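Undergrad: Take a look at this one; I'll ask things after.
Quick note: the coordinates plus some simple rules give every number you see, no bench work behind them. Since the model is a prediction, treat every value here as computed from it, not as a measurement. Methodologically, a virtual Cβ is constructed for each residue, glycine included, from the backbone with ideal geometry; neighbour enumeration extends over all protein chains shown.
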């Protein structure tokens, strides 16, 4: 008699449907307008770093779907939908218990259709925004009746409490509690209310909280304070510095890795806005010390380089060859004299943008008073392009030409932090950097503004 083998039900299912044991939940949605998007990337966000999870192609109708398996742990996830990734993304709560479904539009942002946690947090932000709008309208009305204001503050306090109770046991609770606003116990004048908001802005923000660290919350909170809080008694630069001091005090006890990430992002914001005094204040007052504590020599070098080529500093020196009385003489940049301004341009004979802008630079210099502006043109070239560069330099005999041997592996371009060509630096007669125009048009506008 043949032996009959009976498979236990759960074992049978495991053999036939292994995916049932692995599949957990999905994150899916629709992007509009669909034609603007190609691919979506999903990252699991942890304090300081993000781990790639998966990607999904965005279909012609704008839909996408991430299938999460049992290795997907609960926490904060980030969906990236364009480049640069740090600018085009949004955070998602995944609690390991429910699917997430959303719609995204570049103008209106993300709206969650499924996922109680994400919908709860979105509802919280919408509700609190409505209350803040009511407070703003009250102060704009300049009414003397404080009854309405007290009622709004009462609503604000109750709304916060209700959402905290509704979010108990959820990841969303971390963000709701951290976003808790200052609510006055009595009616205040507009100026006193604003001062109190500034004073209590970080009361409930715990920079040591791993959940907050694993999201954009702390950075958004930091940037909102630095750029949103103003003082009538301070100029723009001083105001930013004062706000940065407050922010650092709030994050002081956070791990150095977290401080490094936040302070660097703030430094980068100021650098992008060309607010060099503020960027250098961040580095010299706080970020350098954090980088040293982390032995982050690469960051220390970058901060030093940025400071060295900030406006007002002496331009890094280098040797060049000039023609004086029909003789070629080797000099340093710092030894040049006779011109009111000097333009250093890093270019290349193989750079199409350079071949377009350098003739424009020549035409501009020719239109100015002779000898008023001197151009030092540094050709960043590979050895095989040397002859081509020499041929190009003959078109600009009035320029001081410097051969930048090794192209990107060149000591002069390294000293100036050059990463693209053409790159311009404008110096005064003392060889101090006074501007770094992005384009030839910006360079010409600088001199037009000087006249």
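Undergrad: Take residue 108 and residue 391, extend 7 Å from each Cα along the Cα→Cβ direction, and tell me the distance between the two endpoints in nm.
TA: Rounded to a tenth, the inter-label distance reads 5.9 nm.
Undergrad: State the Cα centre-to-centre distance between region 354-398 and region 273-299 in whole Å.
TA: Cα centroid to Cα centroid, the span is 36 Å.
Undergrad: Could I ask something else about it? If each of residue 415 and residue 438 carries a label point 7 Å out from its Cα toward its Cβ, how far apart are those two points in nm?
TA: Spacing of the two 7 Å Cα→Cβ label points: 2.8 nm.
Undergrad: While we're looking at this one, here's another question. I'd like the orientation of helix 256-272 relative to the chain: the angle between its Cα long axis and the longest Cα principal axis, in ° from 0 to 90, rounded to 10.
TA: Rounded to the nearest ten degrees, it is 50.
Undergrad: Which of 206, 366 comes first, and how do the rest follow, when ranked by fewest Cβ neighbours within 10 Å?
TA: Fewest-to-most ranking of 206, 366: 366, 206.
Undergrad: Could you give the length gained on full extension between residue 330 and residue 367, defined as 0.36 nm per residue of separation minus the Cα-Cα distance, in nm?
TA: Gain on extension, residue 330 to residue 367, equals 10.5 nm.
Undergrad: By count of other Cβ within 10 Å, fewest leading, how are 146, 108 ordered?
TA: Result, fewest neighbours first: 108, 146.
Undergrad: While we're looking at this one, here's another question. For region 399-451 and region 111-169, what is the centre-to-centre distance using only Cα atoms, to the nearest Å?
TA: Value for the Cα centre distance between the two parts: 52 Å.
Undergrad: Once the Cα atoms of helix 190-199 and of the chain are each reduced to a long axis, what angle between those two axes, in degrees from 0 to 90 to the nearest 10, is obtained?
TA: That helix lies at roughly 90 degrees to the long axis.
Undergrad: Continuing with the same structure: For the modelled label position 7 Å from the Cα of residue 165 along Cα-to-Cβ, which residues of region 172-204 have backbone nitrogen atoms closer than 18 Å?
TA: It comes to 173-174, 176-177, 180-181, nothing else.
Undergrad: Separate question: Efficiency by 1/(1 + (r/R0)^6): what FRET value for residue 132 and residue 82, r their Cβ-Cβ distance, R0 = 35 Å, to the nearest 0.05?
TA: Computed FRET efficiency for residue 132 and residue 82: 0.70.
Undergrad: Quick check: residue separation of residue 352 and residue 323 times 0.36 nm, minus the Cα distance between them. What number comes out in nm?
TA: Value of the extension gain: 7.6 nm.
Undergrad: In what order do 235, 99 fall by count of nearby beta-carbon atoms within 10 Å, going from fewest to most?
TA: 235, 99
Undergrad: Next question. Tell me the angle of helix 147-166 to the major Cα principal axis of the chain, expressed in degrees between 0 and 90 and rounded to the nearest ten.
TA: 70
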